[in-house]
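A.B. asks: Quick one: the structure is below, and I'll ask about it shortly.
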Amino acid sequence: MKREKGLLIVLSGPSGVGKGTVRKELFTDKDLDLQYSISMTTRQPRDGEVDGVDYFFRTKEEFEALIEQNKLLEWAEFVGNYYGTPVDYVKETIEAGKDVLLEIEVQGAMQVKKSFPEGVFIFLAPPSLSELRNRIVGRGTETEDVIHSRMLMAKEELEMMDEYDYVVENDTVEMACERIKAIVTSENCRRERIAKIYKRLMEVEE
Ligand code: 5GP
């Protein structure tokens, strides 16, 4: 595919909708060749999570220093912890012509939209609110209090759907991934992303 820059794909949506599962499945797909931007967080690692693979786990002080130094493309406080995207990795990877995927919550996605409007903003939606609750409970890693606050937040987060380019229902992981693959393919064919480079190539051949 001819293009000047990689895509910045922002996969977002309410807590518990299955962003993490869909994202992991997308990365098993060789056709897509996506790069994942590993986030920073101040939350404690869950069982099996590895620093530098799932997240960069940092202290509150370290995270606040990164905010001060403008090292984050976006950041948000989510259920008592900070989460953020390291800016250098994203910029360098896109400049190198590779597609980068961020999997982030909605406040952060809206910050990216302001500073990087040419990004592709995908809202992953649950089939229903009751299904969303089942998924949050089913994960089994959260206390009742956290489940309650995540559900309240999810309802607010659903309101943000209007701000996105695409809405993908996560009825099944396979179907959601198929839809996202179709979006990435279409976005890579958008005239404004590739016309300049094609015209340049055609001039050379004349
Ligand atoms: P969890 O604690 O379940 O791993 O993540 C909680 C929420 O934070 C999820 O909605 C996840 O998508 C979001 N998240 C993960 N990394 C980032 C990030 O770098 N920035 C923002 N804004 N949200 C993030």
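A.B. asks: Just the number please: accessible area per residue for segment 91-206, 1.4 Å probe, all protein chains included, in Å².
C.D. replies: 60 Å²
A.B. asks: Report, largest value first, the span of the C-alpha coordinates of the chain along each principal axis, in whole Å.
C.D. replies: Projected onto the principal axes, the Cα atoms of the chain cover 68, 39, 30 Å.
A.B. asks: Helix 129-138 versus the longest principal axis of the chain: what angle, 0 to 90°, nearest 10, using Cα atoms?
C.D. replies: It works out to around 70 degrees.
A.B. asks: Determine the share of the chain's accessible area contributed by carbon and sulfur atoms, expressed in whole percent, with a 1.4 angstrom probe.
C.D. replies: 50 percent
A.B. asks: Note down the nm distance, to one decimal, between modelled labels 7 Å out along Cα→Cβ at GLU64 and at CYS189.
C.D. replies: 5.1 nm
A.B. asks: List, in the order given, every pair from LYS24/LYS196; LYS60/LYS181; LYS114/LYS196; LYS91/LYS181; LYS2/LYS113; LYS19/LYS71 whose Cα-Cα distance in the structure shown is over 31 Å.
C.D. replies: LYS24/LYS196; LYS60/LYS181
A.B. asks: Another question, then. Estimate the FRET efficiency between ILE197 and LYS30 by the formula 1/(1 + (r/R0)^6), using the beta-carbon distance for r and 22 Å for R0, to the nearest 0.05.
C.D. replies: Taking R0 as 22 Å, the efficiency between ILE197 and LYS30 is 0.35.
A.B. asks: How many angstrom separate the Cα center of segment 129-171 from the Cα center of segment 6-35?
C.D. replies: 17 Å
A.B. asks: Can I ask one more? Hey, what number do you get for the chain at 222 nm if only DSSP H runs of n ≥ 4 count, each worth -39500 (n - 2.57), divided across all residues, to the nearest 500?
C.D. replies: Only helices count here, giving -13500 deg cm²/dmol.
The values are calculated or read from the model by the stated rules, or taken from the named source; none is laboratory data. Treat the numbers as computed from the prediction; the structure is a model and nothing was measured. Please note: Cβ atoms are built from the backbone with ideal geometry, for glycine as well, and neighbour counts cover all protein chains shown. Accessible surface areas use protein heavy atoms only, side chains included; no ligands, DNA or RNA. Shrake-Rupley method; radii C 1.70, N 1.55, O 1.52, S 1.80 Å.
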